[in-house]
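As structure tokens, the structure follows; a few thoughts come after it.
The values are calculated or read from the model by the stated rules, or taken from the named source; none is laboratory data. Small disclaimer: the values here were computed from a predicted structure and weren't measured. Here Cβ is always computed from backbone atoms with ideal geometry, including for glycine, and neighbour counts include all displayed protein chains. When the accessible area is computed, the model is the full protein with side chains, heavy atoms only, and any ligands, DNA or RNA have been set aside. Shrake-Rupley method; radii C 1.70, N 1.55, O 1.52, S 1.80 Å.
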Amino acid sequence: MSFDIEWHGDFFGISWAYEKDRLVVSTVFEDKNEATELAKEVDSWSDKFTRLTIIEKENGEYAICCYQDPQISKGKSVGLYRNGMRQAGGYEQAKPMIEEKSPLLQIAYAADVRDMNTYEQISRLVPLRKCRIISEKDLKKQEFFFEKNAEMRNQ
């Protein structure tokens, strides 16, 4: 059994929304084929073993890491990882909601990322069982092995 995760980080960014009384973290892709392929994987995730970790960086940016625990994955394990996003704006508003209740994840496609009317939901709304906001220093801890691995592969 392999605990290796195939990380995908070439999405445009994060869009924050509110649906079904929960915050929704939408990873927005500009490539519809890639969004569709990842949505197939994400749609098969078990709601009990999903993880979202937000890593707050010392430079005022944050990274997002989302995956299903690879120990229970059937077949290949995929995860979403992107860094370099500013903590100002949308994230500052979303952070208290994330701390209060785990958000939902969705894969979205946008024909034009500047126009919200072109956004299209590709995956189902996936409940995130474990949601954590950590500092960059926390990546040294064994419990964040997968997050550290994603960070190292995407530098």
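Listing for the model above:
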item	result
Entries of 48/76; 32/57; 74/137 with Cα pairs more than 25 Å apart	32/57; 74/137
Fraction of accessible area attributable to carbon and sulfur, the stretch 54-149 (%, probe 1.4 Å)	43
Average projection area in nm² (convex hull over Cα atoms of the stretch 61-122, one quarter of hull surface)	6.0
For the stretch 81-98 versus the stretch 1-35, the gap between their alpha-carbon centres in whole angstrom	14
Low-density loop cleavage sites - trypsin sites (Lys or Arg not before Pro) in the stretch 41-146, where at most 16 other Cβ are within 10 Å (DSSP)	48, 57, 74, 76, 101, 114, 124, 129, 141
Overall dimensions of the stretch 1-58 by Cα: Rg and Dmax, Å	13.3, 37
Helical mean residue ellipticity (222 nm; -39500 (n - 2.57) per DSSP H run of 4+; nearest 500) of the chain	-6000 deg cm²/dmol
Surface per residue (accessible, 1.4 Å probe) for the stretch 49-98, Å²	42
For the chain, share of DSSP beta bridges that run antiparallel, in % to the nearest 5	60
The stretch 41-133: GluC sites (Glu not before Pro) in DSSP coil with no more than 11 other Cβ atoms inside 10 Å	58
